[in-house]
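One structure below.
The values are calculated or read from the model by the stated rules, or taken from the named source; none is laboratory data. What you see is a predicted model, and the numbers here were worked out from it, not measured in a lab. We place every Cβ from the backbone using ideal geometry, glycine too, and count neighbours over all the protein chains shown. Surface areas here come from the heavy atoms of the whole protein model, side chains and all, with no ligands, DNA or RNA. Shrake-Rupley method; radii C 1.70, N 1.55, O 1.52, S 1.80 Å.
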Amino acid sequence: MTMSKLTDKEKELVRIGTAIGSNCIACIEYHIPQARKAGLSDDQIRLAINIAKGVKKVPADMVLQAALDLLKIHADVD
């Protein structure tokens, strides 16, 4: 499926998720109003933000845990 086959609402949800994932404040400032213009409610936008936050958090937590695990391994060797 190409982006052209998505509805305007779906496109804005993807764009919001991408903006959250890339830490782009300017993108968020642009796409939240665009999402409202496309007909999305604030609750729908908030849900998209929360889903994106969760998707972003999992790998960040995994990297943090890997770093802590390496410290523990190093401490156990000493």
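Just to verify a result, which residue in segment 29-59, among those that are touching a residue at least 12 places away in the same chain (Cβ under 8 Å) and under 11 Å from the mean Cα position of the chain (by Cα), is nearest to L6 (Cα to Cα)?
A48
Which of the residues that make up segment 24-75 are open to solvent by 80 Å² or more (accessible area, probe 1.4 Å), charged (D, E, K, R) and under 21 Å from L13 (Cα atoms)?
E29, R36, K37, D43, R46, K53, K57
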